[in-house]
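*Asks:* Once you've had a glance at the structure underneath, I'll fire off some questions.
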Amino acid sequence: MIDSAICYEPNPKHKEPWHHGRSGTLCPRWSWEQAQQILDQSVVEGQQRYGVAEGMAFKGHEHMLGRWHGHPVAWNEVPPAIVNRWLQERRVTRREVKRLRFPEDLELVLRPLR
Amino acid sequence: MKCFGNPAIFALKLDFIADPDQGQGASLAHSLSWGSFSIWSHETNLCDYRASNRTCDQVAWYLLPLLGWLVRSWGPLLHEERLPVAGDSGSARQAYWSAQHRVLGDNDPQALKRAGDWHAWWMRHALRATREGGIFPDVFMRRVQDYIEISWGNQELPGAPEGCFFTAHPGVRYHPVAEVANVLCSALDWASSMLTEQSDLPEFRALADGVRRLDQCSSEEWLRWFVPGSEVRRALQDWEQRVTGKVATLFVDVRAERYLAHYAPATLMFGAASPEIGMHDVETLLQALTTTSHGSAGDSSLLGELAQALPLSATREAYDEGYELAIELLEGLGLPQPADAAVNIEEVINRLGIAIQDVVLDDRTVRGVAIAGDDLTPTVLVNPRHPMNRASSGRRFTLAHELCHILYDRGYGQRLALISGPWAPPGVEQRANAFAAMLLMPCELVNRHCARLDGPPVRPDDIRMLAQAMQTGFYATLEHLCNLGRIDQADKEAIRTEALNESELSSGSVTTA
């Protein structure tokens, strides 16, 4: 269901290029054009919205009345009931959900620069 | 940056700076709350990260969501110990990710419910629940007995730059509650004051109101996070009103200004109880607890020398630590003696001045209870209804396990009241299990008895002989021999399978062709 009252307005902190001390997690380039559609088809949970596209989950925040920005989230950050609904609607596969959930404790293969 | 606490112990550093994007794509309140923070535990900066070939020692993001989360989650962060399900993983973080792997993507109604419970728990205890798009460290915080457990790792974040990771090696640390709570209190006071001075926005006023309300919270509001069952809490209140004198102190939680600094022994006991504990068991356990405050209370001089509050090690596995503690104790007691075939655990416990008492509980998952304190007679309660305690070997293991708690899991005032069961803090239980195994099966005894074999113990009969000699269970002995490296994993599995097959054959459930 499309809600015409909500409008996507990007937050530059989620757009490339990534800047130290300024950026958060970045929306992939392919999602820029789909952002309004992702938002329109998103699910409300509390004061946030959750959307999905290309096997990736997004979370939306209303920073001003009717104006929303979003960013990618890990699958564990999405309420399980919403994940289950998307699985049933075949908007995402179990493989995609589980792949992004597995914790990756990255080994320090390189020493920090200082 | 403003530093609250001591980075060598626990600290939170905060700073408010100008939003580099001048409020684009953000609410005014968010933009004005732009700043940076870092969290320190024993000189480890949990916010130090590397990305795009540079390191950064702080996280820069909107601070309002973080501050609001600290206020909303104050109760569970500092008081909630139990996880959504009973588990055997070490830290809260380990338990969470282990659960995610199992339940998510599973549409079974029970799995969905567990997934929902875990998600709600994550919202209360995970720093990333508040990130709103920022790159926050993968940090969890919760109460464990008289400590705050901080655990961290490096789960990937979608949308983080290539090669981005937090440099702190995954780990867990335990801090006395006051060490963490006082730092967070100071930080919240300062931050809410800074924001309200900057602007009269409703979001900032709401934050300041929330901080002020922390002073007005009743102890009962916090207690419900540690002992969620309302009937159990009511029973504790009833007992508190009935008892007098020294016994009454068993029911008094120690309150600081905005948190419960130390739980009373009666409270501690039910923190690890099953959520479905029946009132018969509640009354039985409280009766047993109050009995320990009668007569000559306190540790014997020998026990007093040995007992300590030993939080789980930050650098070693719990089972490793348990092994070492058992070896140290045996050496201190001069055991095993050259003529010993087995460790006489009852004699060890008696020598330390610890009482042993059977207590019949309806809950068959409770193996035992350890009670100790300056004003309590150190006591091990054994539930004969637990399947393990029906055999003497299992009962011996329970006694050794509870002995570990009495020696090393003391809290405030040297107090301890811990139920050993599926809801007990997993790391503490793992340490106690390893301790018990090594205490009952030290290398000297294992070597002594293995010398009677023709070769390595690779047959079920070999394990049976060793178990009988050391008065331990078959599978506990098998597991321990593998952990000691006397047999390898393949041998262990082969022996286990062979023993199971023999058991099925002898019971007639399987017949040969």
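The values are calculated or read from the model by the stated rules, or taken from the named source; none is laboratory data. Please read all numbers here as calculations on a predicted model, not as lab measurements. When we count neighbours, we look across all protein chains shown, and the Cβ atoms used for this are built from the backbone with ideal geometry, even at glycine. Please note that ligands, DNA and RNA were not included when accessible areas were found on the heavy atoms of the full protein model with its side chains. Shrake-Rupley method; radii C 1.70, N 1.55, O 1.52, S 1.80 Å.
*Asks:* What do you reckon, is B:LEU445 closer than 23 Å to B:ALA95 by Cβ, touching a residue at least 12 places away in the same chain (Cβ under 8 Å) and buried (at least 21 other Cβ atoms within 10 Å of the Cβ)?
*Replies:* no
*Asks:* Read through the list (1) open to solvent by less than 50 Å² (accessible area, probe 1.4 Å); (2) within 11 Å of chain B (Cβ to nearest Cβ); (3) not in a helix (DSSP H, G or I), then give the number of the only condition that A:PRO17 fails.
*Replies:* Status for A:PRO17: all satisfied but (1).
*Asks:* Any chance region B:245-255 includes a residue that's over 24 Å from the mean Cα position of the chain (by Cα) and acidic (Asp, Glu)?
*Replies:* no
*Asks:* When you look at B:ARG452, is it surrounded by fewer than 17 Cβ atoms within 10 Å (Cβ to Cβ), in a loop (DSSP other than H, G, I, E, B) and of a type outside the set (Ser, Thr, Tyr), yes or no?
*Replies:* Yes, satisfied.
*Asks:* Within region B:103-111, is there a residue that is at the interface with chain A (Cβ under 8 Å from one of its Cβ atoms), modelled with pLDDT under 90 and within 25 Å of B:ALA272 (Cα to Cα)?
*Replies:* yes
*Asks:* Among A:SER23, A:SER42, which is more than 7 Å from chain B (Cβ to nearest Cβ), over 22 Å from A:VAL92 (Cα atoms) and either surrounded by 19 or more Cβ atoms within 10 Å (Cβ to Cβ) or modelled with pLDDT under 95 (or both)?
*Replies:* Going through A:SER23, A:SER42 in turn, the sole match is A:SER23.
*Asks:* Looking at region B:212-219, can you tell me whether even one residue there is under 21 Å from B:GLY368 (Cα atoms), free of Cβ contacts under 8 Å to residues at least 60 places away in the same chain and surrounded by fewer than 17 Cβ atoms within 10 Å (Cβ to Cβ)?
*Replies:* Scanning region B:212-219 turns up no residue that is under 21 Å from B:GLY368 (Cα atoms), free of Cβ contacts under 8 Å to residues at least 60 places away in the same chain and surrounded by fewer than 17 Cβ atoms within 10 Å (Cβ to Cβ).
*Asks:* Looking at region B:1-66, what strands (runs of 3 or more DSSP E) fall wholly within it and have at least 3 residues that are hydrophobic (A, V, I, L, M, F, W, C) and either within 33 Å of the chain's Cα centre (by Cα) or over 20 Å from A:HIS19 (Cβ atoms) (or both)?
*Replies:* Answer list for region B:1-66: B:10-16, B:34-41, B:59-62.
*Asks:* Would it be correct to say that B:VAL348 is of a type outside the set (Phe, Trp, Tyr) and not in a strand (DSSP E or B)?
*Replies:* yes
*Asks:* Is one or more of the residues making up region B:194-201 within 14 Å of chain A (Cβ to nearest Cβ), part of a strand (DSSP E or B) and either surrounded by 15 or more Cβ atoms within 10 Å (Cβ to Cβ) or of a type in the set (A, V, I, L, M) (or both)?
*Replies:* no
*Asks:* Hey, another quick one. Out of the residues in region B:291-345 that are farther than 22 Å from B:ILE356 by Cβ, open to solvent by 40 Å² or more (accessible area, probe 1.4 Å) and charged (D, E, K, R), state the one that is modelled with the lowest pLDDT.
*Replies:* B:ARG316
*Asks:* Is there any pair linking a residue in region B:384-400 that is within 15 Å of B:ARG364 (Cα to Cα) to one that is β-branched (Val, Ile, Thr) and open to solvent by 50 Å² or more (accessible area, probe 1.4 Å), with Cβ under 8 Å and at least six apart or on different chains, and which?
*Replies:* These pairs meet every condition: B:PRO384/B:VAL360; B:ARG385/B:VAL360; B:HIS386/B:THR365.
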